Structures are given as structure tokens and as C-alpha cells.
Amino acid sequence: MIQALDSDTAVLRMVPVYSLIDTLRTPTNLVVTDEVIVAFDRERTLAVATAALEPFGLEAIHANPFNRTVFLATLVDGNEVSCVTAANTLFAEEHVRWATPNFHNATVPCSDPSDNYYPQQFWMPLIHGDSGWFVTNPYADTVSVAVIDDGVDTSGHLDLSTSRIDPGWDVAGFVSPPSPDSDPSPSPVDDSHGMRVTGILAAARNDTGLVGVDPWCRIRPI
Ligand SMILES: [Ca+2]
């Protein structure tokens, strides 16, 4: 099949898809692209990075603006080497800290949620929050986000079950004198700004109420 496709003049290129199997998660499909991410041992200019990558059939496109040792590079036209091979070769180079193919994650997006207040959450598509939702989230329940605000009700909520709340800390201790302790509940109890923030961040996809930007994450109230 592959040989037949390769000889078909209508086929410009074929790329492999790697399916990562996790016994606890749904497979994640990674599609090979023409791009490699490479980290040098020190900062380089774009021109120097391009010169260093040229022998490997790559051209530096731009540096990471927050870390100028890291560059996105693309295969030069006509290069028959796959970006997987190029990344593996680069990885063994003396002045390269690491190199990896820039895979495209082919995870299937979710349909719109049916939570009853979701139609009113006009901001979600504006910030592309919904584009991060997938049919399955391989990192569900593994990421804990600290909510640094005036407290979170840890007794459980329709959209935030107690099983998603990690131990927190009341830093300010809104009493006189301030008394920090391990109870991050709002004080006074009707001060719910932290709870509103938590809902925007993490409300569950559960056919009721709101939907958070990350409806699967854990919460650590501070
Ligand atoms: Ca909900």
C-alpha cells in the first residue's frame, strides 16, 4: 500500500501517524509535520541557528521569544529526511540540548457542551477556550491549578466536586489579627469572588451550570 501510494504522482507526500497508547487513557494520535524544535546549549541568533541547522536539511524559522536557545525549524524543500530522523540526528549533536519533531496532535475536538448556561458564556469562543476541549483529555485530573483569590468553598458544588479540590491554604487569614491556616474557605462566607473565578476556570462539563476553561483540572485554593 505504501509503495503504491509513493509511486502515485497524485500523492505529494505521506507522513506517519504515531498513536500513543496509555492503559488509562484514550490513544493520542501524533501526526508528523515538516517541523522540528531544537534547543541549543546557549543563545543563538536566527542566522547562526540557520547555519547550524543547514547540514541537517533544516532552516530555522524563529526563536522562542522567552528562551532564545530554542528554535522552530522546518525541513528545507527537497529534503527527503523525515523530521523524526532529523530530530534524532540533532539530538546526538554536541551543542544541542534536545531536539524533537513538532508533532500535530490529531485529537478530536468536543462538540459544544449542553450545560444550560453555556450559551451565555460569550467569552469562551472569543478566547478560544473551547478549542482546547477534546473528546477525551489525556491530562484529566492530573493538573492542579492554584486559585489565588479570597477563598474557595471546599464543601463541594454542582460544578466543582470535592474530589477535584486539593488541600489549600488561607494565606491572608481575614480576621484580626490575621491568622493564616489550612482552611481556604471564603471569609466572610458570602464573599464569593474566589468561587466565581474558580467557576470560570474549572466548572465541570456536566450538562448543568457553567463550563470552565479547563473543566477537568484540579483546584488548589490559596
Ligand atoms: Ca457545568
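Bridge orientation summary for the chain: considering DSSP beta bridges with both residues in this region, about 85 percent are antiparallel. Fully extending the segment from Ser179 to Ala39, taken as 0.36 nm per residue of separation minus the present Cα-Cα distance, adds 45.8 nm. The stretch between His128 and Val31, if pulled fully straight at 0.36 nm per residue, gains 32.7 nm over its current Cα-Cα span.
Computed from the C-beta positions of Asn67 and Leu20 and an R0 of 25 Å, the FRET efficiency is 0.45 to the nearest 0.05. Among 60-70, 197-207, sorting by the average number of other beta carbon atoms lying within 10 angstrom of each residue, highest first, gives 197-207, 60-70.
Helix-derived [θ] at 222 nm for the chain: sum -39500 (n - 2.57) over DSSP H runs of at least 4, divide by residue count, nearest 500?
-4000 deg cm²/dmol
All of the numbers you see were taken from the coordinates with simple rules; none came from a lab. These figures come from a predicted structure and were not determined experimentally. All Cβ positions, even for glycine, are placed from backbone atoms using ideal geometry, and neighbour counts span all protein chains on display.
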